[in-house]
Amino acid sequence: MTDWASPAEESDVPRPQPIDRAPRPAPVDERRARGPALAPRTPTELIDHAFGFLRRHPREVVTTSALFVVPFAVVVAYLQRNVLGGESFIDAFSGSDPSLFADGQTGSDSTLQVVSFIGPSIGLVYVAAALATMVAAERAGQVVDGSAAFVHALKATPALLISWVLVHVIEVVGLVLFVVPGVFAVIAFTVVAPVIGVERVGPLASMKRSNQLTSRRRGPVLGVILLSFFVELVVANALTLLPSFIAAVIGFDIGWIVLGVGSAVVSLITTPFVALVSVELYLDLRVRTEALDIEMRVPELFDTA
């Protein structure tokens with residue numbers, strides 16, 4: 001895996017062969033093919049590049065993300081089995097048991113709310129760290145290895161969890177006090193997970209690094225965050241409509257299984273998308289503030305070996 005803290009890759013492009021002895025092109029290894037060249041991107045281009053990576057490496061992205069997000073999706077769906085006492089909306093509105101609505105507001109409601117927030121949020125930082133290593137590998141012309149990215153993210157658990165706690169504490173305190181500091185914190189720490197995944201630093205160093213990268217582009221970063229949130233919201237609502245309707249009709253005591261499957265499918269699309277946007281944003285910030293695109297091209301332009 002490339003050390004992107006100080007990238008200096010040697011070119012793997014073969015020397016030109018004589019015309020009369022030129023070999024036939026070898027089959028392209030899609031896992032090793034380079035992605036789009038590094039360059040400053042607009043917010044819509046960052047969104048498009050996120051979807052582009054997902055299209056180029058669907059198996060690696062989905063399988064790696066599934067290991068982090070599916071367990072949480074299943075747990076959340078299981079905790080919803082007691083909504084309306086496990087009955088369907090038809091039974092609830094039939095008037096046979098008025099306590100059904102009360103039952104839906106008690107029991108495991110608090111646990112459901114906590115797990116519904118914490119689970120996907122933690123899963124997201126793991127997916128972002130794992131996909132960051134995969135995107136970095138693609139841009140360096142290396143093999144995009146989902147299993148290696150998964151292991152790397154697991155090894156970064158202390159940094160990911162500690163930074164997750166610190167970032168959310170700062171965000172909550174800022175939002176509760178004056179709102180604006182909370183929004184500022186969201187912007188400042190939005191690329192913490194990609195920093196951990198690519199640069200392999202600790203929690204405090206990653207937070208400092210994220211703040212450094214975003215400090216000159218607060219407005220554009222906020223625009224990317226809002227745009228990705230809007231796209232995620234539209235996709236998630238569209239995909240969860242059918243499973244939620246089926247579960248409500250057949251009753252949540254059985255329908256939670258349908259919810260679990262639907263939630264897992266939605267998570268396997270939206271979570272990698274949001275993670276990839278943060279990774280593309282991280283690379284864009286490095287291009288704009290550190291000329292990462294030029295740094296990555298230097299070995300290719302001046303390689304005389």
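The values are calculated or read from the model by the stated rules, or taken from the named source; none is laboratory data. Because the structure is predicted, anything quoted here is derived from the model rather than measured. Here Cβ is always computed from backbone atoms with ideal geometry, including for glycine, and neighbour counts include all displayed protein chains.
Structure above, values below:
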{"read-out": "Some residue of region 229-248 being within 24 Å of ARG288 (Cα to Cα) and not basic (Lys, Arg)", "value": "yes"}
{"read-out": "Out of ILE225, ILE294, ILE254, ILE246, sole residue that is closer than 25 Å to LEU166 by Cβ and either in contact with a Ser or Thr (Cβ under 8 Å, 6 or more places away or on another chain) or assigned to a helix (DSSP H, G or I) (or both)", "value": "ILE225"}
{"read-out": "Residues of region 268-291 satisfying the condition of being modelled with pLDDT of 95 or more and outside any helix (DSSP H, G or I)", "value": "none"}
{"read-out": "Checklist (1) under 22 Å from SER116 (Cα atoms); (2) hydrophobic (A, V, I, L, M, F, W, C); (3) surrounded by fewer than 23 Cβ atoms within 10 Å (Cβ to Cβ); (4) at pLDDT 80 or above applied to ALA205, failing item", "value": "(1)"}
{"read-out": "Pairs, first within 15 Å of ALA130 (Cβ to Cβ) in region 193-210, second assigned to a helix (DSSP H, G or I) and of a type in the set (Lys, Arg), C-beta under 8 Å, six or more apart", "value": "VAL195/ARG209; GLU199/ARG209"}
{"read-out": "Cross-chain or 6+ apart pairs with Cβ under 6 Å, region 158-179 first and free of Cβ contacts under 8 Å to residues at least 24 places away in the same chain, then not acidic (Asp, Glu)", "value": "ILE170/ALA185; GLU171/GLY182; GLU171/ALA185; GLU171/VAL186; GLY174/PRO181; GLY174/GLY182; GLY174/ALA185; LEU175/GLY182"}
{"read-out": "Criterion (more than 17 Å from the chain's Cα centre (by Cα) and either assigned to a helix (DSSP H, G or I) or modelled with pLDDT of 95 or more (or both)) met by exactly one of VAL173, VAL135", "value": "VAL173"}
{"read-out": "Scope region 224-245; condition exposed (fewer than 15 other Cβ atoms within 10 Å of the Cβ) and over 16 Å from the mean Cα position of the chain (by Cα); matching residues", "value": "VAL234, ASN237, ALA238, LEU241, LEU242, PHE245"}
{"read-out": "Among the candidates GLY123, GLY141, GLY182, residue that is in contact with a helix residue (DSSP H, G or I) (Cβ under 6 Å, 6 or more places away or on another chain) and either in a loop (DSSP other than H, G, I, E, B) or surrounded by fewer than 20 Cβ atoms within 10 Å (Cβ to Cβ) (or both)", "value": "GLY182"}
{"read-out": "Unique residue being surrounded by 14 or more Cβ atoms within 10 Å (Cβ to Cβ), over 19 Å from GLY197 (Cα atoms) and modelled with pLDDT of 90 or more when the list is GLU60, GLU45", "value": "GLU45"}
